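Colleague: Submitted below is the structure of interest, expressed as structure tokens.
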Amino acid sequence: MATQFFTASSIDGFIADPEQSLSWLLSRDVDSAGPMGYDAFIAGVGALAMGATTYRWLLDHPEAVGEGWPYQQPAWVFTHGSLEAMGGDIRFTAAPVAEVHAEMAAAAGGLNVWVVGGGDLAGQFADAGLLDEVWVQYAPVALGAGFPLLPRRLELRLEDVARNRDFACARYSVVR
Ligand SMILES: NC(=O)c1ccc[n+]([C@@H]2O[C@H](COP(=O)([O-])OP(=O)(O)OC[C@H]3O[C@@H](n4cnc5c(N)ncnc54)[C@H](OP(=O)(O)O)[C@@H]3O)[C@@H](O)[C@H]2O)c1
């Protein structure tokens, strides 16, 4: 079981532009069944976590993710507020990440834990010593500003690289 931050990014390290548009990403060509693609990745995921902004984005963009909650796995959404439930297996939480991680690992049943984003939430898992891998799919674009990939000083080791159509994909392990 590994705890993984898997995300797409611009080459200058933003996972969303300042308007939270993902047009720079969704307009690119990718083979989800191809090298380091989403299909094989998600097949290994047993539980996932995300922050409130990412959750709201999913809620507001059915054209990008389809109608309804897109994940089969149990999900934890970090928020201090109250968010509209989307109808999946979702728990809203403001508990410490280590506590939530233990619940996620138990629910994952030996599969991996996916930190969907944003970058600071992935950083919180790293701060707690609980992040094992960072997978980044770099789109061929610089955004100049936006939501940061991983706003932390974090040492990584490059484990794997692949080209998937428009994307340069890299898998890193977190050096503890
Ligand atoms: N490129 C990609 O593949 C990709 C992947 C993921 C996300 N995204 C996008 O990137 C952007 C990320 O937004 P973001 O950086 O604002 O991150 P986020 O993690 O999605 O949301 C941040 C919010 O989560 C809540 N939160 C975070 N840590 C918490 C904790 N420990 N306890 C309780 N609540 C906590 C807080 O919400 P409250 O205000 O409720 O307290 C905080 O304001 C979004 O636009 C998303 O759609 C892109």
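Colleague: Could you tell me whether any residue of the range 21-31 is farther than 23 Å from Asp166 by Cβ and out of contact with any Gly (no Cβ under 6 Å at 6 or more places or on another chain)?
Modeller: No - not one qualifying residue is present in the range 21-31.
Colleague: For Gly129, indicate whether it is touching a residue at least 24 places away in the same chain (Cβ under 8 Å), at positive phi and in contact with a helix residue (DSSP H, G or I) (Cβ under 9 Å, 6 or more places away or on another chain).
Modeller: So Gly129 fits the description; yes.
Colleague: Next up: Suppose the filter is out of contact with any Lys or Arg (no Cβ under 9 Å at 6 or more places or on another chain) and over 24 Å from Ala162 (Cβ atoms); does Ala85 pass it?
Modeller: yes
Colleague: Which one is nearest to the ligand (Cβ to nearest atom) among residues in the range 77-88 that are surrounded by 13 or more Cβ atoms within 10 Å (Cβ to Cβ) and assigned to a loop (DSSP other than H, G, I, E, B)?
Modeller: Among them, the one singled out is Thr79.
Colleague: Tell me, yes or no, whether the range 147-160 has at least one residue that is part of a strand (DSSP E or B), surrounded by fewer than 16 Cβ atoms within 10 Å (Cβ to Cβ), touching a residue at least 40 places away in the same chain (Cβ under 8 Å) and not small (Gly, Ala, Ser).
Modeller: Within the range 147-160 (the criterion being part of a strand (DSSP E or B), surrounded by fewer than 16 Cβ atoms within 10 Å (Cβ to Cβ), touching a residue at least 40 places away in the same chain (Cβ under 8 Å) and not small (Gly, Ala, Ser)), the answer is yes, since at least one residue qualifies.
Colleague: Among the listed residues Thr3, Thr7, identify the single one that is in contact (Cβ under 8 Å) with a residue 24 or more places away in the chain, within 10 Å of the ligand (Cβ to nearest atom), β-branched (Val, Ile, Thr) and under 17 Å from Ala122 (Cα atoms).
Modeller: Sole residue among the options that is in contact (Cβ under 8 Å) with a residue 24 or more places away in the chain, within 10 Å of the ligand (Cβ to nearest atom), β-branched (Val, Ile, Thr) and under 17 Å from Ala122 (Cα atoms): Thr7.
Colleague: Being away from the ligand (no atom under 12 Å from the Cβ) and surrounded by 14 or more Cβ atoms within 10 Å (Cβ to Cβ) is the filter here; which residues of the range 45-76 pass it?
Modeller: Matches in the range 45-76: Val45, Gly46, Ala47, Trp69, Pro70, Tyr71, Gln73, Pro74, Ala75.
Colleague: When the residues of the range 98-123 are narrowed to those that are more than 13 Å from the chain's Cα centre (by Cα) and buried (at least 20 other Cβ atoms within 10 Å of the Cβ), which ends up nearest to Ala75 (Cα to Cα)?
Modeller: Selected residue: Met104.
Colleague: On the basis of being of a type in the set (Val, Ile, Thr), buried (at least 17 other Cβ atoms within 10 Å of the Cβ) and more than 10 Å from the ligand (Cβ to nearest atom), does Ile42 make the cut?
Modeller: For Ile42, the condition - of a type in the set (Val, Ile, Thr), buried (at least 17 other Cβ atoms within 10 Å of the Cβ) and more than 10 Å from the ligand (Cβ to nearest atom) - is met.
Colleague: Need pairs with beta-carbon distance below 6 Å; first residue at positive phi and within the range 30-50, second aliphatic (A, V, I, L, M); sequence gap 6+ or separate chains.
Modeller: Final answer for the pair search is Met36/Ala162.
Colleague: Which pairs have Cβ atoms under 9 Å, sit 6 or more apart or on different chains, and link a residue in the range 102-115 that is farther than 9 Å from Met1 by Cβ to one that is of a type in the set (Gly, Ala, Ser) and assigned to a loop (DSSP other than H, G, I, E, B)?
Modeller: Glu103/Ala95; Trp114/Gly44
Colleague: May I pose another question? Quick test of your reading of the structure: Val134 fulfils all but one of (1) assigned to a loop (DSSP other than H, G, I, E, B); (2) closer than 20 Å to Phe167 by Cβ; (3) aliphatic (A, V, I, L, M). Name the failing condition by number.
Modeller: (1)
Colleague: Against the definition (part of a helix (DSSP H, G or I) and more than 13 Å from Val115 (Cα to Cα)), how does Asp39 come out, yes or no?
Modeller: yes
Colleague: Take the residues of the range 11-28 that are farther than 16 Å from Ala52 by Cα and not in a loop (DSSP other than H, G, I, E, B): which is farthest from the ligand (Cβ to nearest atom)?
Modeller: Ranking the candidates gives Ser23 first.
Every number here is computed from the coordinates shown, using simple stated rules; none is lab data. Here the structure is a predicted model, which is why all the values come from computation and not from measurement. Glycine gets a Cβ as well: all are built from the backbone with ideal geometry, and neighbour counts include every protein chain shown.
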